[in-house]
Amino acid sequence: MSTRLSQIAVMLMVASCGASPSASADAPGGRPFVTAAVATFDSPWAMDFIPGGETALVTEKRGRLWLIDVSNGRKQEVTGLPQVDAQGQGGLADVVADPRFSGNQRIYLSFSEAGANGASGAAVGYGRLILGSGAPRLERLHVIWRQEPKVSGGNHYSQRIAFAPDGTLFVSSGERFQFDPAQDPNVDLGKIIHMTAEGQRIGGRYYSLGHRNALGLAFAPDGRLWETEMGPRGGDELNLILQGRNYGWPRVSYGSHYDGRQIPDAHRSRGFEEPKVWWNPSISPGSLLIYSGDLFPQWKGDGLIGALSGEALVHVRIRGDEATKADQWDMGRRIRGVDQGPRGEVYLLEDGPGGRLLKLQPAQTRR
Ligand SMILES: [Ca+2]
């Protein structure tokens with residue numbers, strides 16, 4: 001079935017279930033959106049729209065990058081990608097088009113790269129995306145950041161990229177399942193790092209510390225930086241990121257270690273930042289979008305989180321520097337990515353082989 005046909009089918013199903021135009025789209029138990037599958041991928045990780053159009057970039061963990069026209073589902077593979085170390089949670093990860101893409105054709109990628117003796121680490125680079133006739137290709141990839149130190153094991157790279165409103169870059173640098181280095185000011189592990197678009201560090205080694213595995217990093221329209229972080233068992237967090245602050249891992253967490261050992265709860269009394277929201281049981285937040293469109297006015301300025309183990313789209317209400325849990329819609333699949341389209345539609349990436357790109361639109365037209 002074509003995308004458009006399946007979309008119509010979903011809408012007809014909703015209509016035949018008795019949804020009336022006057023009913024609230026947010027009625028308890030009901031979803032305020034309908035979904036349509038646009039395309040499928042092999043373990044997709046992240047997506048970003050190229051400014052000004054219907055074309056998005058989608059990464060696959062094993063190292064492939066795709067251009068996709070979301071209006072018709074047509075995919076083209078981008079050549080010229082860096083060699084990535086795809087093991088465990090590592091591989092090709094985030095993709096972000098430069099906000100000045102129309103002038104410089106630049107895209108940023110994060111990926112895991114191999115080091116000596118089987119070690120690996122996160123990295124960020126940019127290149128020029130050459131479009132036009134022929135296959136799309138990435139030219140002159142230039143690595144601007146390498147996580148130090150590289151360590152063994154394939155966990156907690158994080159490697160999420162967020163452009164700040166002023167054109168500088170924030171990168172989440174996971175603690176690589178090493179625990180204590182998240183508190184060591186002299187290594188990159190467990191930090192959020194601030195750099196220029198060329199990779200020059202701003203304000204020293206790190207912007208904030210004490211993070212575990214921060215897979216969500218996004219600016220709100222008011223300029224505040226929010227982060228989601230995978231905690232240990234029952235300790236997933238949404239944090240407001242402030243310069244120089246310590247978020248406590250592994251000294252404190254609302255969760256407990258996987259072997260059952262307890263971790264002290266209270267952050268503030270021990271000198272650490274409290275999470276704004278935390279989840280027990282875990283939802284495994286894999287991505288964070290702060291919604292800024294008009295298509296879903298009830299989400300404007302709020303957080304939308306793709307939940308992996310939670311198999312859900314999670315809505316968090318954000319008001320200034322405060323956040324509260326709002327909705328958790330079961331999607332029946334691990335949700336890896338969440339992004340916003342050019343007209344305010346929301347896109348989700350399912351996790352794993354055959355992961356679908358889903359388009360979310362309002363469940364009914366408001367009259
Ligand atoms: Ca914390």
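General observations
- Scanning the stretch 291-304 for residues that are in contact with a strand residue (DSSP E or B) (Cβ under 6 Å, 6 or more places away or on another chain) and buried (at least 23 other Cβ atoms within 10 Å of the Cβ) yields TYR291, GLY303, LEU304.
- Restricting the stretch 266-279 to residues that are more than 20 Å from the chain's Cα centre (by Cα) and at pLDDT 95 or above, the residue that is nearest to VAL316 (Cα to Cα) is GLU274.
- Every residue from the stretch 212-269 that is closer than 15 Å to ILE193 by Cα, more than 12 Å from the ligand (Cβ to nearest atom) and assigned to a loop (DSSP other than H, G, I, E, B): LEU242, GLN243, GLY244
- Residues (within 17 Å of the chain's Cα centre (by Cα) and acidic (Asp, Glu)) located in the stretch 311-346: GLU311, ASP339, GLU345
- Conditions (1) part of a loop (DSSP other than H, G, I, E, B); (2) within 16 Å of the ligand (Cβ to nearest atom); number of the one not met by SER292: (2)
- In this entry, GLY344 passes the filter for residues that are on the phi > 0 side of the Ramachandran plot, in a loop (DSSP other than H, G, I, E, B) and surrounded by 17 or more Cβ atoms within 10 Å (Cβ to Cβ).
- Filter result for ASN117 (assigned to a loop (DSSP other than H, G, I, E, B) and among the polar types (S, T, N, Q)): no
- Close pairs (7 angstrom Cβ cut-off, 6 or more residues apart or separate chains): on the phi > 0 side of the Ramachandran plot in the stretch 203-219, outside any strand (DSSP E or B) anywhere: GLY203/GLN243; GLY210/ALA182; GLY210/GLN183; GLY210/GLY190; GLY210/TYR247; GLY210/GLY248; GLY210/TRP249; GLY210/PHE272
- Subset of the stretch 270-284 that is touching a His at 6+ places or on another chain (Cβ under 8 Å) and touching a residue at least 24 places away in the same chain (Cβ under 8 Å) - its residue that is farthest from the ligand (Cβ to nearest atom): GLU273
The values are calculated or read from the model by the stated rules, or taken from the named source; none is laboratory data. The structure presented is a predicted model; accordingly, all values stated were derived computationally and were not measured. Here Cβ is always computed from backbone atoms with ideal geometry, including for glycine, and neighbour counts include all displayed protein chains.
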